[in-house]
Amino acid sequence: MRKRLRVENGQALISSLLLLSGVLLPLLFLVPLFARVEQGRLATEQAARAAVRAAVQAPTTADAQAAAEAEVGRSQAQTGEQLELRLEGTLERGSIVRAHVHTTLALASIPIFGKIGSVTLDGDAAAPVDRYRSLAEPSP
């Protein structure tokens with residue numbers, strides 16, 4: 001008597017779908033994660049560029065700090081990230097002013113567990129103060 005062989009039509013499709021789901025599902029979570037990190041990186045760099053540009057165009061050091069903070073505030077409102085600003089340098093003709101913007105970005109947020117992991121992102125920019133521009137004289 002001949003043994004009847006089991007028909008295996010369609011099992012390769014099911015096996016490949018199970019194997020692909022093990023690869024594709026993690027990718028579905030990683031792509032938005034990388035997009036969020038890139039968005040945060042771009043936000044810090046753009047805020048640093050805007051802050052240093054505003055600072056070197058200000059007439060006084062106090063105005064430079066206020067203008068830079070206002071630019072970071074605008075960037076913060078646009079992106080929704082908490083950005084911290086640090087300015088370096090002096091507002092003198094021919095000097096270089098540097099802006100450093102820092103943020104800590106939460107990688108994932110799960111309802112029961114809360115935030116999982118974070119990454120620190122920094123943006124730096126520098127701009128020269130024009131050698132021939134007029135600056136307000138410091139008050140005595």
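For the chain, find the longest principal axis of its Cα atoms and tell me its angle to the long axis of helix 61-79, 0 to 90°, nearest 10.
With both axes taken from Cα atoms, the answer is about 20 degrees.
What does the charge count near Gln46 come to, summing +1 for each Lys or Arg and -1 for each Asp or Glu among other residues with Cβ under 14 Å from its Cβ?
Around Gln46, the charge tally is -2.
In the Gaussian network model of the chain, springs joining C-alpha atoms below 10 Å, which of Val23, Val129, Val56 carries the largest mean-square fluctuation?
Evaluated over the chain, the most mobile residue of the options is Val23.
Please check the chain for the longest run free of trypsin sites (Lys or Arg not before Pro) that are loop-located per DSSP (anything but H, G, I, E, B) and have at most 16 other Cβ atoms within 10 Å.
7-92
Which of Val72, Ile112, Ala58 sits closest to the plus end of the dipole of the chain, meaning its Cα is farthest towards the positive end, when Lys and Arg get +1 and Asp and Glu get -1 on the C-beta?
Ile112
In square nanometres, what is one fourth of the surface area of the convex hull spanned by the alpha carbons of the chain?
14.6
Of Ser15, Ser118, Ser95, which has the largest mean-square fluctuation in a 10 Å C-alpha GNM of the chain?
Ser15
Using the crude model of +1 on Lys and Arg Cβ and -1 on Asp and Glu Cβ, and no other charge, please compute the dipole size for the chain relative to its Cα centre, in debye to 20.
Around 1240 debye, computed over the chain.
Please give the net charge around Ala127, taking every other residue with its beta carbon less than 9 angstrom from that of Ala127, where Lys and Arg add +1 and Asp and Glu add -1.
Neighbour charge sum, excluding Ala127 itself: +3.
Of Glu92, Glu69, how do they rank once you tally other Cβ atoms within 10 Å and put the fewest first?
Glu92, Glu69
Every number here is computed from the coordinates shown, using simple stated rules; none is lab data. All values derive from a computational prediction rather than experimental measurement. When we count neighbours, we look across all protein chains shown, and the Cβ atoms used for this are built from the backbone with ideal geometry, even at glycine.
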